[in-house]
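Undergrad: Take this structure, written in structure tokens, and hold onto it; I'll ask about it next.
The values are calculated or read from the model by the stated rules, or taken from the named source; none is laboratory data. Note that the structure is a prediction, hence the values are computed from the model and not measured. Neighbour counts are summed over all protein chains in view; Cβ atoms, including those assigned to glycine, are modelled from backbone coordinates with ideal geometry. Note: areas computed on protein heavy atoms with side chains; ligands, DNA, RNA excluded. Shrake-Rupley method; radii C 1.70, N 1.55, O 1.52, S 1.80 Å.
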Amino acid sequence: LLSDAYLRFEGVNGVDTIFTLSSFSDVRSYSTKWNDNLFRDTMELRFNTRRQRTWIINELPIDRYLYGLDETSGDAPSAYLEALVTAARTYALYNFEHKTKYDGEFIDMKNTAADQVYHGYNAEVRRPSVVKAVNDTAGVTVQYAGETIVAAYFSRSDGRTRDFAQVWGRDVPYAKSVAVPCEVGRTMWGHGVGLSAGGALCMANDGSAFDEI
């Protein structure tokens, strides 16, 4: 097959279509039965001539994208999962609205920890509780002064989050350092800005609702 344009494959059943990328291998290290090469809705194959690289792109609605997140265990408390997917939805929406991070490319986000870990349809199958959290918070995002925020999150703090400016050099009024009491004395994992997943889990275990977290 030869084409002078990019290739786009649209499922006849929309978001209920599941594509298999037979030449793509992304096997989970903990179980070789999971090759995460299944994706919903629409696929594109594009080549960036300026940067000489090829993108395989999964295009789908934000909440269906969130179904395929692989950022956390599926057996966590529901309030924690709801808080995490709300942050993830907000981060995805910000990138969709602004399109600055990958300017000149054909994507809004990568499927790795450079943005958010996304493993497509198999992640839905493995973590139905995440799918439920997405559905239970449908459409909920975090706004500041009427604008979608950069909803950063990370694994664990050392008892305090970091200012956005301290890490990334730009003052952001909603991303200021706050205490995370249950993580005092711990080793920080991640950039430290925004939501600490470990702190969020503590709050959920203590009975906080997702919007409090």
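Undergrad: Report the one residue of Ala165, Leu60, Val15 whose Cα lies farthest in the direction of the positive end of the charge dipole of the chain (charges on C-beta: Lys and Arg +1, Asp and Glu -1; origin at the Cα centre).
TA: Ala165
Undergrad: Within the chain, which is the longest segment containing none of the chymotrypsin sites (Phe, Trp or Tyr not before Pro) that sit in a DSSP loop and have at most 16 other Cβ atoms within 10 Å?
TA: In the chain, the maximal stretch lacking such sites is 31-101.
Undergrad: Probe 1.4 Å, all protein chains in place: accessible area of Thr32 in Å², nearest 10?
TA: Rounded to the nearest 10, that gives 120 Å².
Undergrad: Charges at C-beta only: +1 for Lys and Arg, -1 for Asp and Glu. How large is the resulting dipole of the stretch 1-143 about its Cα centre, in Debye rounded to 20?
TA: 340
Undergrad: Label Val27 and Val125 with points 7 Å out from Cα along Cα→Cβ: what is the distance between them in nm?
TA: With each label point 7 Å from Cα toward Cβ, the separation is 1.6 nm.
Undergrad: Something else now. For Phe19, list long-range residues whose amide hydrogen, built 1.01 Å from N in the peptide plane, is under 5 Å from its own amide hydrogen.
TA: Result for Phe19 returns Phe39, Arg40, Asp41.
Undergrad: If you work out volume of the Cα convex hull per residue in Å³ from the coordinates, which of [x] 150; [y] 161; [z] 119 do you get?
TA: Recomputing volume of the Cα convex hull per residue in Å³ here gives the entry labelled [x].
Undergrad: Here's a follow-up. Considering only protein heavy atoms and a 1.4 Å probe, what is the carbon-and-sulfur percentage of the accessible area of the chain?
TA: Of all accessible area on the chain, carbon and sulfur atoms account for 52 percent.
Undergrad: How about Lys176: which lysines have a C-alpha closer than 30 Å to its C-alpha, ignoring those fewer than 8 places off in the same chain?
TA: Within the straight-line cut-off, Lys176 pairs with Lys99, Lys101, Lys110.
Undergrad: Now a separate question. Between Glu212 and Glu97, take the C-beta separation as r, use R0 = 22 Å, and let me know the FRET efficiency to the nearest 0.05.
TA: The formula returns an efficiency of 0.25 here.
Undergrad: Okay, moving on. Taking only protein heavy atoms into account and a 1.4 Å probe, give the accessible area per residue of the chain in Å².
TA: 55
Undergrad: I'd like the Karplus ³J(HN,Hα) series for the stretch 180-191: coefficients 6.51, -1.76, 1.60, θ = phi - 60°, whole numbers in Hz, and an x wherever there's a Gly or Pro.
TA: 10, x, 6, 10, 4, x, 7, 8, 6, 10, x, 6
Undergrad: I've got another one for you. Taking all protein chains together and a probe of 1.4 Å, list Ser22, Ser3 from the most accessible to the least accessible.
TA: Ser22, Ser3
Undergrad: While we're here: For the chain, with the dipole built from +1 on Lys and Arg beta-carbon atoms and -1 on Asp and Glu ones, taken about the Cα centre, which of Ala151, Leu93, Gly104 lies farthest toward the positive end?
TA: In the chain, that residue is Gly104.
Undergrad: What are the ³J(HN,Hα) couplings of the stretch 27-32, residue after residue, when phi is run through the Karplus curve with 6.51, -1.76, 1.60 and θ = phi - 60°? Round to Hz, x for glycine and proline.
TA: Once θ is set to phi - 60°, the couplings for the stretch 27-32 become 7, 6, 5, 7, 6, 6 Hz.
Undergrad: While we're on this one: Put Val12, Val172 in order of accessible area, largest first, 1.4 Å probe: what do you get?
TA: Val12, Val172
Undergrad: Ignoring ligands, DNA and RNA, how do Met109, Met203 rank by accessible area with a 1.4 Å probe, largest first?
TA: Descending order: Met203, Met109.
Undergrad: Looking at the stretch 43-93 from every direction and averaging, what is the projected area of its Cα convex hull in nm²?
TA: Spelled out: convex hull of the Cα atoms, projected over all directions, averaged, 4.6 nm².
Undergrad: Convert each backbone phi in the stretch 134-139 into a coupling constant with the Karplus relation 6.51 cos²θ - 1.76 cosθ + 1.60 (shift: θ = phi - 60°), then list the ³J(HN,Hα) values in order as whole Hz, x for Gly and Pro.
TA: For the stretch 134-139, the Karplus curve yields 4, 5, 6, 10, 3, x Hz.
Undergrad: Let me ask another. Treating only the Cβ atoms of Lys and Arg (+1) and Asp and Glu (-1) as charged, compute the dipole magnitude of the stretch 81-144 about its Cα centre; round to the nearest 20 debye.
TA: Here the stretch 81-144 has a charge dipole of around 180 debye.
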